[in-house]
Amino acid sequence: MTRLTDLETPCLLLDRARVEKNAAAMIARCRALGVTLRPHVKTPKSLDIARITQGGGIGPVTVSTLREAEHFARHGYRDILYTVGIIPAKLDRLTRIQRETGATVRIVLDSQYVAEGIAGYARNIETTIEALIEIDCGEHRSGISPDDSSLLTIASTLQAAPGVTLVGVITHAGHSYAENDIDAVRALAAHERDSCIAAAEKLRQNGHDCPVVSVGSTPTILHADHLEGVTEARCGVYALWDLAQASRGMCSLDDIAATVLTTVIGHNRQGNCIIIDAGALALSKDIGANRFMPAAGYGILCDAVTATPLTPLSVNQVHQEHGTVDIQDAAWFERLPIGRQVRIMPNHTCMTCAAHDVYHVIQGDQVIDNWGRINGW
Ligand SMILES: Cc1ncc(COP(=O)(O)O)c(C=O)c1O
């Protein structure tokens with residue numbers, strides 16, 4: 001039996017019971033909203049966690065890399081939505097995945113240039129390409145406005161192309177992460193829903209089929225008043241949660257399921273700080289939580305076994321492999337001697353987990369399993 005103290009640090013820990021609780025809550029939420037849950041596996045990047053988020057089975061998933069698409073397709077997933085805008089240069093790989101696995105990997109686009117590229121490509125292949133048009137509901141990262149005239153041009157180009165099926169519209173209210181006020185998130189959720197439905201209606205009125213209306217970010221799915229007219233919800237971070245979401249009131253610290261195990265490697269008494277072996281490469285430099293939770297630093301220190309926060313300690317500076325924890329009270333040198341393990345609750349879990357290839361699944365101080373992650377592109 002492996003114990004936490006047998007693990008080399010830094011490494012990634014996973015509390016399975018917390019993932020199960022988080023997953024069950026989102027399954028119930030989507031059932032109540034009357035929409036299909038299409039979990040975004042870009043956060044956990046794990047077959048084992050994906051299975052938990054779907055109540056033990058295999059269902060539709062969202063991915064953000066073709067590597068994820070390929071991995072999930074090779075492991076029995078048949079309905080995959082790749083939500084980073086496609087470019088024609090990636091269609092060879094995409095169609096190879098479809099051909100070799102029998103899975104459908106739906107793609108997303110927001111320009112006439114790409115629509116023409118897809119149409120031209122599809123002429124010479126046997127497999128069908130299913131596509132969704134991306135709508136910008138306010139984040140201004142990608143997508144077009146539902147009022148943009150190119151919506152219909154793109155749709156017509158796709159519809160006219162043999163081997164291509166326009167299946168719907170998609171949007172993502174990523175700007176909901178900037179809010180910590182539930183009413184503001186609720187308003188963004190309504191706008192996310194209404195923008196996507198408006199685009200779908202426009203397509204239908206102009207003779208296009210639009211069966212899929214796909215929306216989602218974790219905050220907007222949690223707080224939408226209703227999702228009538230929407231067919232599917234995409235959310236991912238809820239499976240693991242993190243300080244960024246806790247800082248906005250979306251979860252509590254007790255929900256955070258993935259943490260980084262690290263070891264105290266030094267006491268710098270001149271600098272009043274404790275040094276750990278988790279730096280920027282083990283934690284990431286993303287500090288999205290700090291706008292509403294400035295004390296989050298690069299992650300909050302917790303007891304290695306119980307995950308109870310060691311308030312007020314957090315990681316205040318990161319170098320490549322060193323993390324620096326400032327202390328006001330020298331008693332911490334005694335409480336956290338060199339060689340002692342501690343855990344770090346991540347600031348932004350998607351970024352932190354991406355630095356690790358495996359989750360050590362834990363129960364108390366026992367490691368009960370190891371689950372792989374599919375990083376890279
Ligand atoms: C297109 C898209 N859909 C869904 C999500 C999931 O949102 P969340 O991480 O809030 O669960 C993301 C996250 O970045 C996304 O980019």
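Read-outs: derived from the displayed coordinates by stated rules, not from any lab. What you are looking at is a predicted structure, and each value in this text was computed from that prediction instead of being measured. With ideal geometry, Cβ positions are generated from the backbone for all residues, glycine too; neighbour counts draw on all protein chains shown.
Computed quantities for the displayed model
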quantity	calculated
Region 16-239 - Debye-derived log10 I(q)/I(0), Cα point model, q = 0.10, 0.14 Å⁻¹	-0.42, -0.84
Rg/Rg_ref, region 178-289, where Rg_ref = 2.2 N^0.38 Å and atoms are Cα	1.55
Cα-Cα pairs of region 144-230 separated by more than 15 Å (percent)	57
Inter-centroid distance (Cα atoms) of region 305-377 relative to region 87-161, Å	41
Cα-centred dipole magnitude for region 16-239, charges only on beta-carbon of K, R (+1) and D, E (-1), debye, nearest 20	980
Within the chain, longest stretch free of exposed GluC sites (Glu not before Pro) [DSSP loop, at most 11 other beta carbons within 10 Å]	229-377
Bins of 5 Å, starting at 0 and running to the largest distance - Cα pair percent for region 38-146	2, 12, 23, 22, 18, 13, 7, 2, 0
In sequence order, calculated HN-Hα J values of region 283-291 (Karplus, 6.51, -1.76, 1.60; Hz; x Gly/Pro)	10, 6, 9, 6, 10, x, 6, 6, 4
P(r), alpha carbons of the chain - 10 Å bins starting at zero, rounded %	5, 23, 29, 22, 13, 6, 1, 0
Charge dipole (the chain, unit charges on Cβ, about Cα centre) - positive-most of Ser314, His348, Tyr77	Tyr77
Cβ charges +1 (Lys, Arg) and -1 (Asp, Glu), total dipole of the chain, debye	560
Percent RCO, i.e. relative contact order, over the chain, from Cα pairs under 8 Å lying at least 6 residues apart	20
Cubic angstrom per residue, convex hull over Cα atoms of region 244-318	94
